[in-house]
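First comes the structure, then the notes that go with it.
The values are calculated or read from the model by the stated rules, or taken from the named source; none is laboratory data. For clarity, every value in this text was computed on a predicted model and none was experimentally measured. FYI the Cβ positions are ideal-geometry reconstructions off the backbone, even for glycines, and counts take in every protein chain you see.
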Amino acid sequence: MMQIGAQMFTTREFTQTLDGFAETLRRIADIGYRTVQVSATCPFEADWLKEQLQKNGLSCVLTHTPTPRLTGDIAQVIRDHEVFGCENIGLGYWSFKDEEDMSLDKWLSTFPAVARAIHEGGKYFMYHNHHNEFRKIGGKLVMETLMEAVPADQMGFTLDTYWVQAAGGDPAQWLEKLAGRIPCIHLKDCGFDRTMQAVGEGNINFDRVFAKAEAGGTEYMLVEQDDCNGEDPFDCLRRSYEYLKACGFR
């Protein structure tokens, strides 16, 4: 059965100190979530995170780790994830615009080696998409190029339902294409004029998303809402949780 979790990028304004980070974990657990993705927080020690997760009955199933650490300190990154019991190490953002340091060629010359090192360290590299991956470069969608560039056992995709739909794609169809490479996915809804909405409050067909995710081997569906439109992020996380709970997930 797929489990639901909270992507802490949603609550990033509250996690820029260790005290705020600890309080945020408590509030997320109080909503009912039992898994989290750690992302966009203040610096922390692996032992500290392990203690805070245990204190709140939470597990960390994925991180978004800054690029400089992935490319320059990967051995320590792997050791840290071992300490707090996280199997998936994620890259949260990469732009495929024309700037030299953010080009597709730069990605292809950098991250296959990162994925291989993570695999050799007993963890799994996860790539998170935005909308840029659904543009064509060289006559092929960037997502297709990435799928071919790194073997499935070395890189998965944290498919983001909102960004697929915002780019003109079908989230369920892409979950089907990426079957076997999607242990963790991001759930956020897409409303009118591409607004980000709590899950179940926009226009994405989540019944199809759930079916394709489960068939493709998804273990964790992580709620993320980058923009809460001026609302309390914790309230948005709560509404998403209640919708997913009503759909039969925990």
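General observations
- Applying the criterion of being charged (D, E, K, R) and buried (at least 18 other Cβ atoms within 10 Å of the Cβ) to the residues of the stretch 224-243, the residue that is farthest from residue 202 (Cα to Cα) is 238.
- Residue that is surrounded by the most Cβ atoms within 10 Å (Cβ to Cβ) [pool: residues in the stretch 202-223 that are within 19 Å of residue 131 (Cβ to Cβ) and of a type in the set (A, V, I, L, M)]: 222
- Residue list for the stretch 71-86, filter: over 22 Å from residue 222 (Cα atoms), touching a residue at least 12 places away in the same chain (Cβ under 8 Å) and either not charged (D, E, K, R) or not in a helix (DSSP H, G or I) (or both): 71, 74, 75
- Any hit, the stretch 150-168, residues being of a type in the set (Gly, Ala, Ser) and under 16 Å from the mean Cα position of the chain (by Cα): yes
- Wholly within the stretch 87-176, helices (runs of 4 or more DSSP H) carrying at least 2 residues that are out of contact with any strand residue (DSSP E or B) (no Cβ under 9 Å at 6 or more places or on another chain): 104-120
- Residue 116, sole failed condition from (1) within 16 Å of the chain's Cα centre (by Cα); (2) under 14 Å from residue 150 (Cα atoms): (1)
- Residue 62 in contact (Cβ under 8 Å) with a residue 40 or more places away in the chain and in contact with a Cys (Cβ under 6 Å, 6 or more places away or on another chain): yes
- Residue 42 vs. criteria crowded, with 20+ Cβ neighbours inside 10 Å and either under 19 Å from residue 129 (Cα atoms) or modelled with pLDDT of 95 or more (or both): no
- Residue match in the stretch 155-166 (condition: modelled with pLDDT of 95 or more, small (Gly, Ala, Ser) and over 23 Å from residue 237 (Cβ atoms)): yes
- The stretch 13-42 residues that are outside any loop (DSSP other than H, G, I, E, B), paired with ones that are of a type in the set (Lys, Arg) (beta carbon under 7 Å, 6 or more apart): 31/238
Rundown of residues vs (1) among the small types (Gly, Ala, Ser); (2) in contact with a helix residue (DSSP H, G or I) (Cβ under 9 Å, 6 or more places away or on another chain); (3) within 22 Å of residue 79 (Cα to Cα), yes/no style:
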| position | (1), (2), (3) |
| --- | --- |
| 92 | yes, yes, yes |
| 113 | yes, yes, yes |
| 123 | no, yes, yes |
| 130 | no, yes, no |
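- Candidates 140, 212, 188, 136: the one that is farther than 18 Å from residue 92 by Cα, among the basic types (Lys, Arg) and in contact (Cβ under 8 Å) with a residue 24 or more places away in the chain is 212.
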